[in-house]
Amino acid sequence: MSRLLTYVLGSLFAVGIMFAQVAVAADAPAAGGCAAKAVSKDGKPLAGAAKASSIKKCEKDAQAAIAADCAAKAVSKDGKPLAGAAKASSIKKCEKDAAAAK
């Protein structure tokens, strides 16, 4: 009886470790994004201020691309470009949706 309990607990422990590693591996690409692109010309990962600057620039460029894409999508049902408050509202909603999709 004691051996059986030992084997069961050992198996549960091993399975728990396996699932923990799978969960961490699944979260890594989502958190990576700009941090994964922060590498030097030699292909080595950046560190410190250089890494922070690279990540900040990457996020700024990504936000600018989203804003440009949303501005292009700001059209009415007739296909005419929106203007004024309607355009601003459409762009704001599009950017919010894009941020939520990340």
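The values are calculated or read from the model by the stated rules, or taken from the named source; none is laboratory data. In this text the structure is predicted, and so the values were computed from the model without any measurement. Note that each Cβ is placed from the backbone with ideal geometry, even for glycine, and that neighbours are counted across all protein chains shown. The accessibility values were calculated without ligands, DNA or RNA, using every heavy atom of the protein model including side chains. Shrake-Rupley method; radii C 1.70, N 1.55, O 1.52, S 1.80 Å.
Of all residues being assigned to a helix (DSSP H, G or I) and in contact with a helix residue (DSSP H, G or I) (Cβ under 6 Å, 6 or more places away or on another chain) in the range 39-70, which is least open to solvent (accessible area, probe 1.4 Å)? Just the residue, please. Of everything passing the filter in the range 39-70, C70 is least open to solvent (accessible area, probe 1.4 Å). Residues in the range 39-87 that are without any contact (Cβ under 8 Å) to a residue 24 or more places away in the chain and either acidic (D, E) or in contact with a His (Cβ under 7 Å, 6 or more places away or on another chain) (or both): how many? Count: 3.
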